[in-house]
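One structure is given below, encoded as structure tokens.
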């Protein structure tokens with residue numbers, strides 16, 4: 001199958017491109033390399049030494065004999081380039097990772113909020129408009145987030161996108177219907193993914209596009225079967241306060257002897273998935289497109305839920321690392337329950353990689369192996385959701401900029 | 001009160017700016033004059049001869065002695081200009097009309113879809129980010145649309161934004177809660193207003209901003225007490241297939257002896273409001289801000305609902321115009337019910353202008369007076385929602401562009 005991977009140089013995009021190529025698909029990556037540029041902006045680097053894209057692709061060819069094409073393209077800015085690429089490649093599927101994906105980064109300043117909204121919404125709308133304009137039947141697979149649900153309805157299992165609801169108006173009249181789970185995003189980044197959902201629903205309804213939206217949990221781990229084939233194929237591992245996901249940050253903290261920093265009490269329950277399962281889910285989604293003129297297919301792409309403090313305890317027990325509770329920079333509840341339905345992808349064939357089975361390997365093969373590359377100054381989360389921790393917004397985020 | 005009117009040169013923005021100025025507020029208009037540029041793009045003109053903005057403002061000053069400041073600014077593109085303006089003016093309220101507001105225009109081609117999404121979402125996000133960054137307590141009043149609700153839940157009265165809902169998961173567990181009415185937009189334009197809602201909800205929650213979102217019905221009429229004071233203050237009247245709203249198009253069709261063109265059976269029920277009531281609603285909203293750290297205040301800004309065919313019949317009876325049913329270019333139900341709650345603005349003091357009372361004056365004072373300026377070729381709606389009327393999307397909207 002011919003497949004376009006938009007954002008195929010990123011943390012999830014790169015291993016996905018390799019997996020799809022390994023399975024015999026004809027893969028083209030389009031990426032603007034923005035993630036590498038943001039590394040430079042933040043003065044950070046992947047813990048793992050990642051190769052430049054030409055070296056990555058030639059390594060893949062020399063190891064497997066398979067070719068992946070690369071197109072340097074900013075899909076949010078260059079609509080004509082995107083449309084031309086689709087018309088030239090005639091892909092059966094298009095996997096859309098090409099969005100700014102860090103919640104803390106999206107909250108750093110007005111500029112970061114605006115970049116995230118502008119980039120993510122235009123990227124998604126350009127993909128949808130280009131597929132309609134091409135007239136081709138391209139299945140769009142999008143990486144969404146569990147974060148669109150928010151954590152607001154204790155007592156309910158988070159469904160796979162849609163929920164049965166009885167709506168009642170002021171006169172007492174009631175209607176039973178099915179609705180998109182009422183969104184409650186916790187950051188500008190998550191908000192853009194909620195806006196994406198509206199774009200998908202609209203284009204599926206109006207233009208009959210086939211769309212799968214994968215609401216992904218927090219990804220942990222670094223490598224997949226394909227990225228371990230050669231050191232030049234190694235995947236990125238972010239441990240900084242903006243792009244490092246909680247579990248990967250704990251792993252590197254443990255490896256370098258830094259205390260495991262837990263926000264608040266750590267009572268936040270979150271959904272997790274190992275990177276190799278994430279890649280497997282995308283493979284399953286690509287192979288199982290919804291029908292044309294049906295609603296968007298939504299799957300929860302996660303395998304386990306854990307309280308953050310329990311993860312820290314687990315890693316502390318394995319490694320002896322100290323746990324340190326720090327003030328939470330985010331504007332979120334200190335504790336929450338979370339139960340998630342995930343039978344969709346399980347029923348298509350996903351067999352979860354459990355934390356128990358893979359955590360220790362991740363610590364020794366990645367975190368400890370590359371610990372010398374770690375800059376401990378980059379570990380703390382410094383993005384604040386609001387300037388005063390009580391959420392009173394008494395001072396502006398960018399007051400210094402405005403005054404300058 | 002110091003008030004910024006973003007988009008203050010447009011159909012609703014201009015009479016709003018005059019009304020607020022007439023009431024003694026200190027008004028500054030910011031506008032990129034995009035609506036006049038789109039007239040040129042479409043080869044259309046307002047039926048009424050509208051003056052350039054400097055002439056408008058000097059007429060207002062000579063007639064009333066009051067001054068309105070004008071800033072030529074594209075708030076979607078020039079964030080720094082917007083932030084500087086807010087810091088300089090320190091407005092108590094900001095009325096945000098600065099969005100592309102035609103559904104048919106938003107559906108003309110990929111370019112129009114992309115312009116509408118890019119312009120509207122960045123405009124709204126820039127306003128919100130700039131207010132946060134300014135650190136000022138500015139009440140944001142936004143012109144939304146009844147169209148975000150869609151017409152999908154017969155049997156329910158459309159509430160003012162929020163709905164009581166019982167949500168049930170697959171295990172049968174239930175939670176009773178209040179949700180934003182599940183959005184079901186009928187065009188890319190309406191979709192952007194649904195995305196705006198998510199932005200407002202997010203910034204109200206995270207930053208405690210005061211926001212009022214006015215879900216407006218279809219506006220009809222041309223003039224207000226202020227725009228009739230002098231011919232140089234006259235408001236725009238759009239009768240073309242893209243920007244002309246249904247009732248205004250019927251009025252001009254009757255005046256020039258063109259048949260009243262009804263889409264399909266005309267069984268679509270829609271919500272309406274006269275322009276002078278619209279302006280009054282904004283005045284009421286500005287005077288009644290929600291508290292900080294409360295949810296977004298949502299009002300339905302409409303006074304009557306009518307079936308389209310009934311409006312045509314009413315005007316036909318008054319004028320003798322013929323009614324012609326034409327194929328509906330939109331992708332929408334041919335018939336729908338619509339009952340709308342609108343007590344919020346009524347309880348603040350809105351006294352509706354009824355169709356019965358004002359229709360005939362609109363025909364004689366505007367449509368007939370300026371009938372000689374009408375270009376009948378611009379009347380038909382030519383934007384198609386999908387290329388084939390069955391909505392099968394067998395041919396791409398922009399196939400010609402792609403092939404060129």
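Quick notes
- Residue among A:196, A:230 that is more than 7 Å from chain B (Cβ to nearest Cβ), at pLDDT 95 or above and either surrounded by fewer than 21 Cβ atoms within 10 Å (Cβ to Cβ) or more than 21 Å from the chain's Cα centre (by Cα) (or both): A:230
- In the range B:107-122, the residues that are touching a residue at least 40 places away in the same chain (Cβ under 8 Å) and either within 16 Å of residue A:117 (Cβ to Cβ) or in contact with a strand residue (DSSP E or B) (Cβ under 6 Å, 6 or more places away or on another chain) (or both): B:116, B:117, B:118, B:119, B:120, B:121, B:122
- The selection criterion, being out of contact with any helix residue (DSSP H, G or I) (no Cβ under 6 Å at 6 or more places or on another chain), part of a helix (DSSP H, G or I) and surrounded by 17 or more Cβ atoms within 10 Å (Cβ to Cβ), does not hold for residue B:279.
- Of residues in the range A:199-227 being within 16 Å of the chain's Cα centre (by Cα) and closer than 19 Å to residue A:130 by Cβ, the one surrounded by the fewest Cβ atoms within 10 Å (Cβ to Cβ): A:212
- Checked across the range B:82-90, the condition of being buried (at least 24 other Cβ atoms within 10 Å of the Cβ), more than 7 Å from chain A (Cβ to nearest Cβ) and at pLDDT 95 or above holds for at least one residue.
- For the residues A:202, A:105, the requirement of being in contact with a helix residue (DSSP H, G or I) (Cβ under 7 Å, 6 or more places away or on another chain), within 9 Å of chain B (Cβ to nearest Cβ) and assigned to a helix (DSSP H, G or I) singles out A:202.
- Where residue B:346 falls short, out of the listed (1) closer than 24 Å to residue B:381 by Cα; (2) free of Cβ contacts under 8 Å to residues at least 60 places away in the same chain: (1)
- Residues within the range B:233-262 that are within 15 Å of the chain's Cα centre (by Cα) and in a helix (DSSP H, G or I), tallied: 3
- Residues of the range B:43-76 that turn out to be under 22 Å from the mean Cα position of the chain (by Cα) and crowded, with 17+ Cβ neighbours inside 10 Å, as a count: 14
- Considering A:343, A:359, A:350, the condition of being within 11 Å of chain B (Cβ to nearest Cβ) and modelled with pLDDT of 80 or more is satisfied by A:343 alone.
- Exactly one residue among A:166, A:153, A:183 is closer than 25 Å to residue A:126 by Cα, facing chain B (nearest Cβ under 7 Å) and not in a helix (DSSP H, G or I), and that residue is A:183.
- Screening A:190, A:215 for residues that are at pLDDT 95 or above, within 26 Å of residue B:205 (Cα to Cα) and part of a helix (DSSP H, G or I) leaves exactly one candidate, A:190.
- Screening residue B:147 against (1) facing chain A (nearest Cβ under 9 Å); (2) part of a helix (DSSP H, G or I); (3) crowded, with 21+ Cβ neighbours inside 10 Å leaves a single unmet condition, (1).
The values are calculated or read from the model by the stated rules, or taken from the named source; none is laboratory data. Note that this is a predicted model, so its numbers are computed, not measured. Here the Cβ is made from the backbone with ideal geometry for all residues, glycine too, and neighbour counts use every protein chain on show.
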